[in-house]
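Asks: Encoded as structure tokens, here's the structure I'll be asking about.
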């Protein structure tokens, strides 16, 4: 946690909001060890996204709190995320993938009513071509999003986690809840 035994009220309320969210069945959340050097108070969640029992994406969401505020954050709370997912090589090669991936985050925050400011981040797309003894293996491809933003209200962190779960589902290529994917023919 932080330097004192009792975290400040805004941080406690924010953590309660994060703990109140129950994501869709394909997204498994667990509390993980938070980084200790980034802020006086921190809380972290790890996520695994499954499709047909296969892990297709992972992520971390870290809540940071500095009661003194932080100029770059434009506030006292900051959410930091890292999301990565395997994608089809054709998708990884698409020049629009970074813009689309970033829009998944911003659109999810907006749709969830998760007020925020000072959002920033990077999207990395990777396409690995195999040679030599690995030449027969299929190409490996993934997309990685690293981002952070400042929530406007510590009592609305549940909406931010819901938006993050939508980002995870989009990155993993999951259909919207209640929609089934059609089987592909071989």
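Asks: Let me confirm something: among 182, 174, which residue is out of contact with any strand residue (DSSP E or B) (no Cβ under 6 Å at 6 or more places or on another chain), part of a loop (DSSP other than H, G, I, E, B), at pLDDT below 95 and crowded, with 20+ Cβ neighbours inside 10 Å?
Replies: Selected residue: 174, the only one of 182, 174 that is out of contact with any strand residue (DSSP E or B) (no Cβ under 6 Å at 6 or more places or on another chain), part of a loop (DSSP other than H, G, I, E, B), at pLDDT below 95 and crowded, with 20+ Cβ neighbours inside 10 Å.
Asks: Right, next: Of all residues in the range 26-38, which are part of a loop (DSSP other than H, G, I, E, B) and either within 15 Å of residue 83 (Cβ to Cβ) or modelled with pLDDT of 95 or more (or both)?
Replies: If the condition is that a residue be part of a loop (DSSP other than H, G, I, E, B) and either within 15 Å of residue 83 (Cβ to Cβ) or modelled with pLDDT of 95 or more (or both), then 26, 33, 34 are the ones that fit.
Asks: Sort out which residues of the range 32-53 are over 23 Å from residue 152 (Cα atoms) and in contact (Cβ under 8 Å) with a residue 12 or more places away in the chain, and write them in order of number.
Replies: Those that are over 23 Å from residue 152 (Cα atoms) and in contact (Cβ under 8 Å) with a residue 12 or more places away in the chain: 32, 47, 48, 49, 50, 51.
Asks: On to the next question. Looking at the range 78-89, is at least one residue more than 24 Å from residue 28 (Cβ to Cβ) and surrounded by 15 or more Cβ atoms within 10 Å (Cβ to Cβ)?
Replies: yes
Asks: For the range 39-53, what are the residues that are assigned to a strand (DSSP E or B), closer than 21 Å to residue 8 by Cα and out of contact with any helix residue (DSSP H, G or I) (no Cβ under 7 Å at 6 or more places or on another chain)?
Replies: Listed by number, the residues that qualify are 42, 44.
Asks: I'm told residue 20 meets every condition in (1) touching a strand residue (DSSP E or B) at 6+ places or on another chain (Cβ under 9 Å); (2) surrounded by fewer than 20 Cβ atoms within 10 Å (Cβ to Cβ); (3) touching a residue at least 24 places away in the same chain (Cβ under 8 Å) except one. Can you identify the failing condition by its number?
Replies: (1)
Asks: Hey, could you check the range 122-139 for residues that are within 21 Å of residue 48 (Cα to Cα) and surrounded by 12 or more Cβ atoms within 10 Å (Cβ to Cβ) and say which is farthest from the chain's Cα centre (by Cα)?
Replies: 126
Asks: Something else about it: Residues 168, 145: which one is crowded, with 17+ Cβ neighbours inside 10 Å, under 18 Å from residue 84 (Cα atoms), modelled with pLDDT of 95 or more and in contact with a helix residue (DSSP H, G or I) (Cβ under 8 Å, 6 or more places away or on another chain)?
Replies: 145
Asks: I need every pair where a residue in the range 85-96 that is free of Cβ contacts under 8 Å to residues at least 60 places away in the same chain has its Cβ under 6 Å from the Cβ of a residue that is assigned to a loop (DSSP other than H, G, I, E, B), sequence separation at least 6 or different chains.
Replies: Every condition considered, the pairs that remain are 89/139.
The values are calculated or read from the model by the stated rules, or taken from the named source; none is laboratory data. Since the structure is predicted, the reported quantities are computational estimates derived from the model, not experimental observations. Positions of Cβ are backbone-derived with ideal geometry, glycine not excepted, and every protein chain shown enters the neighbour counts.
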